[in-house]
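What follows is one structure encoded as C-alpha cells, with my remarks underneath.
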C-alpha cells in the first residue's frame, strides 16, 4: 500500500476503478509503474457493483431458487467488491485515492485535481493520465411516478423486496436480463421499448426470436411505443399508443447509457470528445499527448470484456511502446445472459448492410429443429450468420439459445483467424449439442457454392437431424 | 416407397438403420442410388431408441421436473422413431427391409442374406454393401442378482418406476449421464468403476473433477473395485474391496460396448476384423472390394456424430469417387451430457503421452475461479489443454463444466485449422462467460513463451478475474 505523495510525479494516474481502470492500474503496476487510481464511488465500477456481477448473481439465484435472491446477490457483490478494494488498497505500486478527478490545462507533466469525499482538493501529477470514467444509465422523470418507484440498475439491486409488477423502460441487455431474473422470482414483467424491436443493435431475426421466447414465458413485450405517464396513484402505466397497464409497482429505467463526461473538465484540458464519448485512436490515445481513454467513456464499448481488451492495448502502448504489435483488437463479442441467452460477434448489423449489400449471403439455423432442441423441448433458438457470398468469410454471427455466450467463440475464432464457412466444412460438433447448428449452416453454405451436388445429399449431410420433425 | 425386387442388383445395401446406416441410406439415395436398408430392430438404432435421444430427453425431464420423466422420455423417443421409420419406409429410393443380414462369399455383385422376423430368407444383391451394424452393451450375469433387476441402456428407459437405489457398473459416459438423470429424479446412485477413475479415456484431472462434482451432489463413487455379488435377497451389493452397499434395487450395466459382429458372417465373406471391430481404411473400405463399414462396428467411434462423419466420408467415396477430397476427417470431439458436462477433442490422452512426451506443456484453468463461476456458485469446473511446447499447437483439450459440449468447438476449430495458442492471444470472450477460461489459458501460454514480460502484467491480462477469490 502506497501513500499519496503530492510532490511526486507518478508514472500514471487512472481515473475510475471500474473494468477499464482496474485493467490499467494492475497492468501498469505489473510493469513497475507507480500508479494513482482515483475512484469517487466503489472500486469495481458498474460491473462489480451494479452491473454484470450482481445481474449474473441474481439470474443464478432466481433460476435455482435461492431463498432470498436479492440479499444473496448483494452478499456476493459485496464480497467481490471488498476483495477488489483490498487488492487495490494493499497493492504496493498502486495508490488508491477516493475522490472525483478532473483534468486541467497544465499538460506536461499532467496535473489532475481530485475532490475528496471530505471536500478536500488534491493536486496529483502524472506522466500519463488514463480516463476510465465509465458510463451511467440515462435518467429521466416520468409523469405521475414517485421517485422512489423509479430505479435504474444503480438502485435495483438494493431493493428490499421483489416487486409484484416490474415495468422496464427499454429493451436492451439490462432489460432482458432483469426481465428473466425477476420473471423467475415471480414478478410480472412488462417491457416497453420505443424501437420497433428488442435489442435494436442485433439482427431483426434475433429480436423476433427473443421477443417470442420472452412472450412465451409470460413477459409482456411492447415495442414501438413509450411510457407516457402513470395514473391512478402511479399504479397504472399509460403508453404512447394509448394502452394501459395496471398494477405496476416499480419502473426500471434501462433506456441506454451515456459516458460520464460531466465532471472531467475535458474542454479545459482540450480533450476532444463527442456525444458518444472521448475520441481515441486505436491505442486509446486522445488528441492530447499523455492523456488516454479506455472503456465506456469512449463510447466504443459498453462491456467489461471490451474495456479489458481496450485496457490491455493501452497498457501495452504505455509500457511497451517499442514492442511489435501482437495484432490489433480482435473481434468483439456481445452477450446478453437472459433466457434465451443471446450472443453475437463481428461487424454491426448496420455495417453488414452498408458494406456488403450485394455480396452478402445470410444463413440461419433453427435450434428447435435440431435433435437437442427436440430432446430438450426448446421453444425458441436461432443462429444467423452473414457471410461474403463466395468466400464464406464471416461478417457477423449471432446466436439465440442455450449457452450462446459460450459457443459464440466458434464464430469469434472464425472471424479472428479468417476461417470462412468453406474451410469449416466437415468440422465435427458433438451430437446432440446445440452447436451442431454451426455444422448445418456450413452445409447450407457449401450446398450453395457446390450446386452440382444433389439436394438430398445435403439432407444426409445434416445427419440425424430432420427438418420440421416437431410439426410432423 | 420401393418394394424389394429380388431380381434387381441394387446400388447399395446398408446393414443397420442406426446413425451410420441412416447417413449412408439417405446420402446415397440423394445421389439417385437405389438403396436397400436392412434393420433387424428399430429404425434409428441405439441413438434414437436406447441411447443419445432418450438419455438426453431423460436428463432434460429430470432437470426440469417433468411429472413422469420416464414416460415423457419414451413418448419423445417413440415420436422420433416413428418419424424416422416413416421417412425410410416412404423414401422412393430406399427399400426398408426388416430382418437380420449376413454376408456371403458371393462377392460380385454382392449377395446378402436376410432373415426376416417371420423366418423367411431373402437374397438381395447390391454393388456396394455397407455394414453399419453398430455396437451393443457388454452383458454379464452378477451373482445373486435376478435378471429382471439387471438392465443395460437397452432396458433402462422401459422402467415403469424410478428406482430408489441404482447401482451403476461402469464409470463411462452412459454411467455419468444416468447418474445425473436418476439423481435428479430422486434416486440414490452408486457408481462402481473397476478402473481407478471415472472416464478412463479422459485426462486424470478431468476424472478427478467429475468425481468430486458427482460426490458433492450425493453420488457414491467407488473406483478401483468391482461388483462381486448381491446378497440378502439381492438388495446388498458386495464389492471386491469387501465393502457392502445396502438397499440396491436396480443395477445398470454400463461397462462398455462391443461391435455387433456375431450375425454378420464376416469370416465367410473374408472381411478382416479384430476384437475392436471391422478393419477399414480412411474411407470406410474393408479388405473386400465393395464391402464397407461405418460407425461403431468399426471400433473407431462410439458416437452419433462420429458415425455421421464417417458415413458422409463413405457416401462421398461411393458416389463421388473422382471428386477431389474436401479434406480428411476432422478432429473428433467427445461429449458427456452429465452435470458437470464433459467434452474433449484432439489426440487421445495416450497419444499425447506417447508422441509429445518432451515437447508437451499442459495448461489448466479452474472455472470456479472465474467471475462467472463466482456469480453462479460453481463448485467444480476445469479446462485442461495439452499443447506443443513452443508452437502452442493444441494436441488435446478437455472441458468439465457448464455447456462443455457447446464451447469445445473453440478448441475443435483451433485443431482443425492449426491455430495454436500463440495465435489465439487477444481473442476476446464475453464477460462473464465460462469460456473466458480459454483466454486465461492462452495468457498463461503466452506468459511462458514471452518470459521477458513481468508476471504481474499477466495478472492484469486476466482482466477482472482474481485468483482464489473464493478462498479469500
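A short reminder: the numbers here are calculations on the coordinates, not readings from a lab. Since the model is a prediction, treat every value here as computed from it, not as a measurement. As a convention, Cβ positions derive from the backbone with ideal geometry for all residues, glycine included, and neighbour counts pool all protein chains shown.
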* **Using a Förster distance of 56 Å, the FRET efficiency for residue B:236-residue A:118 (Cβ separation, nearest 0.05)** => 0.15
* What average number of partner chain Cβ atoms lie no more than 10 Å from the Cβ of the residues making up B:431-441? -> 6
* Relative contact order (percent, whole number), chain A, Cα cutoff 8 Å, 6+ residue spacing -> 13
* **Cα→Cβ-extended label distance, 7 Å offset, between residue B:246 and residue B:329, nm** => 5.0
* Structure fact -> Classified through the alpha carbon gyration tensor (a ≥ b ≥ c as square roots of its eigenvalues; rounded if a/c is under 1.5, else prolate when a/b is larger than b/c, else oblate), segment B:83-133 comes out oblate
* Using a label position 7 Å from Cα in the Cα→Cβ direction, what is the ascending list of nm distances from residue A:364 to the same site in the other copies? -> 4.4
* Averaged over B:152-158, how many beta carbons belonging to a partner chain fall within 10 Å of each residue's beta carbon? -> 0
* Across peptide B:398-407, how many C-beta atoms of other chains are within 10 Å of each residue C-beta, on average? -> 6
* To do: Put a label point 7 Å from Cα along the Cβ direction on residue B:350, then list its distances to the equivalent points in the other copies in nm, shortest first.
  => 5.8
* Using a 10 Å cut-off on Cβ atoms, rank the peptides A:384-391, A:116-123, A:372-379 from the highest mean neighbour count down. => A:372-379, A:384-391, A:116-123
* Tell me, how many Å apart are the Cα centres for segment B:1-72 and for segment A:47-120? -> 56
* To the nearest 10 degrees, how steeply does helix A:52-64 sit against the main Cα axis of chain A, on a 0 to 90 scale? -> 40
* Only helical DSSP H runs with n ≥ 4 go in: add -39500 (n - 2.57) per run for chain A, normalise by residue count and round the 222 nm mean residue ellipticity to 500 deg cm²/dmol. => -9000 deg cm²/dmol
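Please give the per residue volume of the convex hull enclosing the alpha carbon atoms of segment A:249-298, rounded to a whole number of Å³.
Spelled out: Cα convex hull of segment A:249-298, divided by residues, is 89 Å³.
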* Asked: By how many degrees, between 0 and 90 and to the nearest 10, does the Cα long axis of helix B:204-216 differ from the longest principal axis of chain B?
  -> 80
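Order of A:140, B:425 from fewest to most other C-beta atoms within 10 Å?
Sorted ascending by nearby Cβ count, the order is A:140, B:425.
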* **Estimated translational D of segment B:62-107 in µm²/s (Stokes, Kirkwood radius over Cα pairs; 37 °C; 0.692 mPa s)** => 237
* To do: Kindly give the distances from residue B:186 to its copy-mates, label point to label point, with each label point 7 Å from Cα along Cα→Cβ, as nm values to one decimal ordered shortest first.
  => 2.3
* Crossing angle, helix A:69-89 versus chain A [Cα axis fit, 0-90 degrees, rounded to tens] -> 40
* Compute the separation of the alpha-carbon centres of segment B:415-431 and segment A:132-196 and state it in Å as a whole number. => 37
* Distances over 19 Å make up what percent of all Cα-Cα pairs in segment B:155-271? -> 50
* Quick one: which of B:38-44, B:155-161, A:173-179 comes out on top by average Cβ neighbours within 10 Å, and what's the full order, highest first? -> A:173-179, B:38-44, B:155-161
* Structure fact -> Looks like chain A, by Cα gyration tensor root eigenvalues a ≥ b ≥ c and the a/c under 1.5 rounded cutoff (else prolate when a/b is bigger than b/c, oblate otherwise), is oblate
* Structure fact -> dims of the protein assembly as shown, Cα set, principal axes, largest to smallest, nearest Å -> 98, 65, 56
* So for the pair residue A:143, residue A:160, with labels modelled 7 Å out along Cα→Cβ, what separation do we get in nm? -> 3.3
* Grab the beta carbon distance between residue A:354 and residue A:262, set R0 = 35 Å, and tell me the FRET efficiency rounded to 0.05. => 0.60
* To do: Report the relative contact order of segment B:147-255, percent, no decimals, based on alpha-carbon pairs under 8 angstrom and at least 6 residues apart.
  => 36
* **FRET efficiency, residue A:9 to residue A:104 (Cβ-Cβ, R0 22 Å, nearest 0.05)** => 0.95
